[in-house]
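> I'd like to ask you about the structure that follows.
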Amino acid sequence: MTTCPLCLVCDRCERGEHPLLVGALRHAFVVLGDNQGCPGWCVLVLRRHVEHLDELSLDAQRELFGEAALVARAVRRVFAGAGAGGGPVRINYECLGNQVGHVHWHIIPRHADDPTPREAVWGWPAARLRGEMSEGERRALAQRLALELRTLTPPPA
Ligand SMILES: [Zn+2]
């Protein structure tokens with residue numbers, strides 16, 4: 001039994017039991033992040049447990065980053081024109097691994113009302129990181145992102 005929290009996320013996605021699943025791509029599952037202080041924040045989780053990005057083949061590294069960029073495009077489309085200041089002004093791509101040693105990317109939209117637009121989000125208080133969206137709003141957003149991502153994902157060959 002694995003104790004890696006991201007392996008558990010993958011297990012739930014594979015069984016169709018993750019309530020915030022955004023997409024199942026070739027290399028990664030995409031879920032709406034627990035932190036929605038930046039609405040639309042997604043996490044791409046490599047489908048298998050690998051601790052270091054450089055342990056993947058170069059092709060897999062490239063394709064994984066391609067998947068990250070695809071998710072960013074879906075986020076930008078969903079939020080295009082939303083809010084007073086329009087869609088996200090910036091997307092942060094972060095592959096850190098400091099908390100969980102399983103390759104994953106954070107795709108973090110930084111919206112026009114971002115309180116610290118020139119800094120990384122990690123210094124924010126936990127409540128601000130988590131955001132105020134209800135569970136229902138989180139599920140609805142995950143579904144909107146999933147629909148958008150599906151339009152961008154090439155059909156299987
Ligand atoms: Zn893992």
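The values are calculated or read from the model by the stated rules, or taken from the named source; none is laboratory data. Values in this document were obtained by computation on a predicted structure and should not be read as measured data. Note that each Cβ is placed from the backbone with ideal geometry, even for glycine, and that neighbours are counted across all protein chains shown. Ligands, DNA and RNA are excluded from the accessible area calculation, which covers all protein heavy atoms including side chains. Shrake-Rupley method; radii C 1.70, N 1.55, O 1.52, S 1.80 Å.
> Looking at this structure, is residue 44 out of contact with any Lys or Arg (no Cβ under 7 Å at 6 or more places or on another chain), of a type outside the set (Val, Ile, Thr) and closer than 17 Å to residue 153 by Cβ?
Answer is yes for this residue.
> Among the residues of region 66-88, write down those that are in contact (Cβ under 8 Å) with a residue 12 or more places away in the chain, open to solvent by 60 Å² or more (accessible area, probe 1.4 Å) and farther than 25 Å from residue 26 by Cβ.
Once the filter is applied, which keeps residues that are in contact (Cβ under 8 Å) with a residue 12 or more places away in the chain, open to solvent by 60 Å² or more (accessible area, probe 1.4 Å) and farther than 25 Å from residue 26 by Cβ, region 66-88 yields 83, 84.
> Which residue is farthest from the ligand (Cβ to nearest atom), if the candidates are limited to region 89-112 and must be β-branched (Val, Ile, Thr), over 12 Å from residue 65 (Cβ atoms) and touching a residue at least 24 places away in the same chain (Cβ under 8 Å)?
Among those residues, the one meeting the criterion is 89.
> Hey, can you tell me all the residues within region 35-63 that are within 16 Å of the ligand (Cβ to nearest atom) and either in contact with a strand residue (DSSP E or B) (Cβ under 6 Å, 6 or more places away or on another chain) or open to solvent by 30 Å² or more (accessible area, probe 1.4 Å) (or both)?
Across region 35-63, the qualifying residues are 43, 44, 45, 46, 47, 48, 49, 51, 52, 53, 55.
> Next question. Looking at region 90-98, is at least one residue surrounded by 14 or more Cβ atoms within 10 Å (Cβ to Cβ) and of a type in the set (Ser, Thr, Tyr)?
Within region 90-98, one or more residues are surrounded by 14 or more Cβ atoms within 10 Å (Cβ to Cβ) and of a type in the set (Ser, Thr, Tyr).
> Now a separate question. Evaluate the following for residue 21: is it within 16 Å of the ligand (Cβ to nearest atom) and under 14 Å from the mean Cα position of the chain (by Cα)?
no
> Still on this model: Does residue 67 satisfy the condition of being more than 14 Å from the ligand (Cβ to nearest atom), out of contact with any helix residue (DSSP H, G or I) (no Cβ under 6 Å at 6 or more places or on another chain) and at pLDDT 95 or above?
yes
> Please determine whether any residue of region 96-110 is over 30 Å from residue 54 (Cα atoms) and either out of contact with any Ser or Thr (no Cβ under 8 Å at 6 or more places or on another chain) or at pLDDT below 95 (or both). Give the steps one after another, and end with the answer.
First pass over region 96-110, keeping only residues over 30 Å from residue 54 (Cα atoms): none.
No, that holds for no residue.
> When you look at residue 132, is it outside any loop (DSSP other than H, G, I, E, B) and away from the ligand (no atom under 16 Å from the Cβ), yes or no?
So residue 132 fails the test.
> Out of the residues in region 5-28 that are in a helix (DSSP H, G or I) and under 18 Å from residue 56 (Cβ atoms), which is least open to solvent (accessible area, probe 1.4 Å)?
Among those that are in a helix (DSSP H, G or I) and under 18 Å from residue 56 (Cβ atoms), it is 10.
> Kindly indicate whether residue 142 is surrounded by 12 or more Cβ atoms within 10 Å (Cβ to Cβ) and of a type in the set (A, V, I, L, M, F, W, C).
Yes: the conditions hold for residue 142.
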